[in-house]
Amino acid sequence: MLILYAGTIVLSAFLLFQVQPIIGKMVLPWFGGSAAAWTICMLFFQVTLLLGYLYSHLTSRYLAPRRQAWLHAGLLLTAALTLPIVPSNNWKPSVGDDPAFLLLGLLAATIGLPYFLLSTTGPLVQHWFAQERPGSVPYRLFALSNFASLLGLLSYPLLFEPRLTVKEMSTFWSLGFGLFALFCGALALSGRGRSTAPHTLREDAIAGKPTWRDSLLWCALAAVPTVVLMAATSHLTANIAPVPLLWVLPLVIYLLTFILCFESARWYKRWLFLPLMAVLTPLLIACTTFPSLMPRGIVWPTLLFSVCIFTYCMACHGELARLKPQPARLTAYYLMIAAGGAIGGIFTGLLAPRIFNDDYELTLSCIAAVCIVGMACHHRPSEPMQRGARIKAAVFFTTLVGVLWGANAIWPTVPSIKARNFYGTVKVKDTEPGTSQVRQLTHGTIVHGRQFLEPQKRRWPTTYYGSNSGAGIAIAASRNGSAQHVGVIGLGAGTMAAYCRPGDVYRFYEINPLVLDFAGQYFSFLRDCPATKEIALGDARLVLDAEVPQQFDVLAVDAFSGDSVPVHLLTTEAFNIYFRHLKPDGVLAIHISNRYLDMSPVVRRAADSFHRTAFLSQNMSDPQHGTTAATWVLIGQRDRLVPYAGLHELPPAPDVRPWTDDYSSLLGIMK
């Protein structure tokens, strides 16, 4: 029976964290593949976890053990009948849909019941264990559950994604869920010892019933590290190193702190983590407020954020483990932990983008962590504490919060125009006045366009779109004296419109309404363009797939947010859509500038699938003309592209497997 308990816990936790990246890979491309979409996915997982813990608490409290067992077995059978997990195309977003709520509905319809039942397993199985083995401490099963979650999370990018397609992973996951349903159903129906246990547990519960202050503190200690996790992940992937693999690292650290704190009390030391928070909080706030203070590159910023996540989560989870109740109150305790996680997820995923115009969650969560840990140090005064710990804690968090808020009030701010929505924060900022004053559009810290404000320079194509870049060469190579039809995936500041001539038709595809508003209001590329301009709002691939062939002379694909990769725009199916909209002699230009990934082999394999020739274009930066270094791949007729200097044909890439909607892996293209 002990093996069955442990096996059920391990399998459920492993599947719980395996399904997250699997379903994410299926549906995130429909929503732009952004970090914001992943944040909404995490919100769904947190809320469903809360519902699972609520179910465990209520059924354990109000149902007889036998009725609870039959109810749970019936739900397991129902969930098994909903497999495999395949999202319906009816959930694909259209213009005007709220991406956040649509994504939540899609996840609920696709994996809602299986994920809900997996979420119930931890507290429910630990409750059964405590009933059948009175006097035992089931909290190590919670550490085991988090260890299995860690294995599930790490095995996906390292073991499963590089070898299996999405359909194969979905099939294996469904088989794993079927095995889990058998294990959990057998465990539910075999609990003979539970019929005599409730009386003893009820007496224990009455004797040690926690106060409302206990419950609120449990909730707060779970909510704050959730906000730290989600806010730091968003900041790390959007501003420091937007590599999708780094979405995994903060979650690994978060789970590791749960494992350490609930495995043994020896891992959490107040004398270490309280001073660490005192040092890291002002450092992190300063670096996020003034990005120039952040070390360059990926290693040191990632290390700083990782240490911060570990410190705050370790402190909060350490205090949470210190305040855990007797096993009789186990389900109520886990319910408040799940409630805290859901509150943190709702605040970060739904409320913050609507009430803030910038990314303030990380700063607020750092200060909140200091305050909550300080309150936890005061809680349960009857417990032995280190000498002078209360006074030190009070001075620590009161002084620190005062200093931080005072510093925030006197820090100079850089004038800028900014707004925020589901897709992130968009800012417009002008450089100092002078002969070459420039207006810049950024998404997070990633530049999405610049424009000279001098009248004679404001129509110059800048940043990645200079005349010697792949974009400029594609425009020049496809001009034949007649009007030109150009498609652009990714509007930015509208810089590509600098190439338009009277009679041309330029059609832009943009997923973020804020970018469209800012490009039209604060930049003049679109206004100055004498061609016919068309704007299609929505995910470019979905919009193009629904349109009749456009017969583009050039189709430029530049929908990358920094170094993150919208995988769904680089698959064979996506290239099939592109070529359907291009003229036979048209040019497809793919912007692949990236500090961490070499995407040229992926594009070469896609071009090979359609028997097309791919050329690499790399240009250097030219500050006088406002252009930056950029790497493009041009796919078109050889005789049109060969004459241009700086182009060379991409070599074959036999070691890279072609990307499809069913398969992609970043491991094989990392620099």
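Take 101, 160 and order them by how many other Cβ atoms sit within 10 Å, fewest up front. Display every interim value, and only then the final one.
Numbers: 101 12, 160 18.
Result, fewest neighbours first: 101, 160.
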*With a Cα-only, solvent-free Debye model of region 455-512, what are the log10 I(q)/I(0) values at q = 0.12, 0.14, 0.24, 0.25 Å⁻¹?*
-0.28, -0.38, -1.10, -1.17
*Net charge of Cβ neighbours under 9 Å - reference residue 492; Lys, Arg +1; Asp, Glu -1*: -2
*asked:* Suppose we take every Cα in region 514-560 and form the convex hull; what volume per residue is that in Å³?
replied: 105 Å³
*Mind ordering 141-149, 123-131 by average Cβ neighbours within 10 Å, highest first?*
123-131, 141-149
*Tell me, what ³J(HN,Hα) does each residue in region 458-466 have, in order and in whole Hz, if you take phi through Karplus 6.51 cos²θ - 1.76 cosθ + 1.60 with θ = phi - 60° and put x for Gly and Pro?*
6, 9, 6, x, 10, 6, 8, 10, x
*With a sphere of radius 9 Å drawn around the Cβ of residue 417, what net charge do the other residues whose Cβ falls strictly inside it have (Lys, Arg +1; Asp, Glu -1)?*
+3
*residue 536 long-range amide H proximity, modeled H, under 5 Å*: 508, 509, 510
*Please list 216-226, 643-653, 253-263 highest first by mean number of surrounding beta-carbon atoms within 10 Å per residue.*
216-226, 253-263, 643-653
*Taking the mean number of other Cβ atoms within 10 Å as a proxy for protection, how do you rank 320-326, 545-551 from highest to lowest?*
320-326, 545-551
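Assign unit charges at the C-beta atoms only (+1 for Lys and Arg, -1 for Asp and Glu), then state the dipole size of region 444-669 relative to its Cα centre in Debye, rounded to the nearest 20. Don't skip to the end; give the middle numbers.
Working: 19 positive and 22 negative charges, 113 e Å.
The calculation lands at about 540 debye.
Computed from the coordinates by the stated procedures, all read-outs in this text should not be read as laboratory data. Owing to the predicted nature of the structure, the values given are computational and were not obtained by experimental measurement. Cβ: placed from backbone, ideal geometry, glycine included. Neighbour counts: every protein chain shown.
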